[in-house]
Amino acid sequence: MPGQEPSRCCGAAIIRRMTERPIKVLIAKPGLDGHDRGAKVLARGLRDEGFEVVYTGLRQTPEMVATAALQEDVDVVGLSILSGAHMTLVPRICALLREKGMDDVLVAAGGIIPDVDVPALKESGVAAVFGPGTTIHEVAEFLRANARPRD
Amino acid sequence: MAETRAPASGEAAVSARARALCDAALAGDRRSLARLLTAVENRTPLAEAALRRLYPMAGRAQIVGVTGPPGAGKSTLVAALIAELRRAGRPVAVVAVDPSSPITGGAVLGDRVRMQAYSSDDGVFIRSMAARGHSGGLSSATAAAAAVFDAVGFDIVLVETVGTGQSEVEVAATADTTVVVEAPEMGDEIQAIKAGLLEVADIVVVNKGDRPGAHRTAGQLEAMLSHVTSREASLGGSAPKNPEVLVTTAATGEGVAGLLAAIDRHRSSARDSLGSRARLKRAEAQVWAVLVDRLHERVRSLEAAQDESAADASIAPGGLADAAGDGSGGSAPAGELLRAVASHELDPFAAADALLALLAGDRGGPAGAGGGGGRGA
């Protein structure tokens, strides 16, 4: 680890992992529902999987989410929606990301999203929809396999 | 990263990409600015090229460090400062650092939650950073990130540290103005006269001013911190700071205008010799950081060279301990030295001296190719 005395390091595995440049994920709650337990659990779970997770907090507009993604230069945008407004919010966020030149950012959605809506969401640019029952490890594996490569 | 994914073919290509990104960021392109910050954070070769290009353009911004214990209200206070600055039409950049897990390397960066109201304002740029194992309250790339914001024209850069304890004072070496945020009832006069964090404060803020005891805490801090005799002050060099003590309620914005006024006052007073001394110290810290990095690189390239000559050609990028651990790269002398220290056959001083001697012998070798080791920062 550059800039750090080896004596302070806890072990080779940690040093190795920290020099690997973690994948950076934005976890956002667009829309008006106030149910952020899932988003927080996922943020914490992905932390334990070695990701750097930026959490936006509740009630974000699509513009706020896209700007946060741009400023943080994240590799992944995860959208948690339980309000039923996903068909409005998600395509709008995907369009804004493309507009801002972030077409290489992986977008995933989670929450309460009916199966019938999934094809349309994927059409609009979402790579995966994770419903109830998904394990954090599954999400982590998917992100590792599909996030853009870091240089 | 469309551009950075392109095949990197040598130094010329890297510096061309760095130049393109810098030019775009200087012209106001936020995406390019964000990518530059990522490069700086990940310490890519592109980052070095970019920072060398941007450094001459930096040095105009006021870098304001905001530090204090977890939960004192640093993020909320930064958000309130953003509001105050935007009211005056002043653009502002924020670097917010949160800790990385020492176990997994992961992090939850939650400072943005308090600042999201400004995320679609073009005059505000907020960037979260994980400390990535760096102790001292910042990440090792924080100063460089602030320099990037400075170079692209942000007049004020707020640097929020991780929640600190008593002695994470690194922010003072990075910032022009250091604001230490305390909460009411966090300690008595004895806490205030202990060495450490409060010593480096240019401004002390007692936040949560609506809580009982806030003004009493402020009074106690003021009484103990403002005790600087004229004799000490006239001695120059090591005179302690004489910080202003303010009370704010960040959640409502009360007292925040006064804090911004104090920050602005400190900026103008820091233009004197004291300020230039702070800048010299910062320069020293920057050069040392690069020097330490270069030393790490040299040790690693030494190991890599050893690994290549060994049967197993896999190069572990993790430093000394990797060479020693898990039986990989077992024949590297650096690894042997570490093992000898671990088993108390050798003391750490002798091992370090042996490594330095190895590096000195290596000076003309392939590690120095391209003049990489000899450039002044």
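Observations, loosely collected:
- Residue B:193-residue B:135 FRET efficiency (beta carbon distance; Förster radius 30 Å; 0.05 resolution): 0.75
- In the context of the full set of protein chains, the stretch B:56-121 has a per residue accessible area of 32 Å² (1.4 Å probe).
- Rounded to the nearest 10 Å², the accessible area of residue B:186 at probe 1.4 Å: 100 Å²
- Packing-based ranking, highest mean first, of B:258-265, B:82-89 given that Cβ atoms within 10 Å are counted: B:258-265, B:82-89
- Neighbouring partner chain Cβ atoms per residue of B:94-107, average, 10 Å criterion: 6
- For B:335-346, mean number of other protein chain Cβ atoms within 10 Å: 0
- Dipole of chain A computed with +1 at Lys/Arg Cβ and -1 at Asp/Glu Cβ about the Cα centre; of A:87, A:57, A:126, farthest Cα towards the positive end is A:57.
- When only alpha carbons are used to place a centre, the stretch B:132-158 and the stretch B:60-96 end up 13 Å from one another.
- Spatially proximal lysines relative to residue B:194 (Cα-Cα < 21 Å; intrachain offsets below 8 disregarded): B:241
- Protection-proxy order for peptides B:127-135, B:345-353, B:189-197, each taking the mean of Cβ atoms within 10 Å per residue, highest first: B:127-135, B:189-197, B:345-353
- Mean-position separation - Cα centroids, the stretch B:105-129 and the stretch A:85-116, in angstrom: 20 Å
- Relative protection proxy for A:61-71, B:152-162, A:36-46, from highest mean packing down: B:152-162, A:61-71, A:36-46 (other beta-carbon atoms within 10 angstrom).
- Mean Cα-pair separation over length for the stretch B:51-178, i.e. relative contact order, pairs under 8 Å, 6 or more apart, %: 43 percent
- If R0 is taken as 41 Å, the Cβ-Cβ distance between residue B:305 and residue B:166 corresponds to a FRET efficiency of 0.45.
- Sparse-neighbour loop sites [GluC sites (Glu not before Pro); the stretch A:80-151; at most 14 other C-beta within 10 Å; DSSP]: none
- Residue B:279/residue A:144 FRET efficiency (R0 51 Å; Cβ-Cβ; nearest 0.05): 0.75
- Accessible area buried, both sides summed, chains A and B with 1.4 Å probe, Å²: 4100 Å²
- Note on the stretch A:49-65 and the stretch B:204-227: Cα centroid distance 35 Å, given to the nearest whole angstrom.
- Inter-chain Cβ neighbour average for residues B:126-136, partner chain, 10 Å: 6
The values are calculated or read from the model by the stated rules, or taken from the named source; none is laboratory data. This structure is a prediction, so every number in the text was calculated from the model and none was measured. Glycine gets a Cβ as well: all are built from the backbone with ideal geometry, and neighbour counts include every protein chain shown. What goes into the accessible areas is simple: the full protein's heavy atoms, side chains included, and nothing from ligands, DNA or RNA. Shrake-Rupley method; radii C 1.70, N 1.55, O 1.52, S 1.80 Å.
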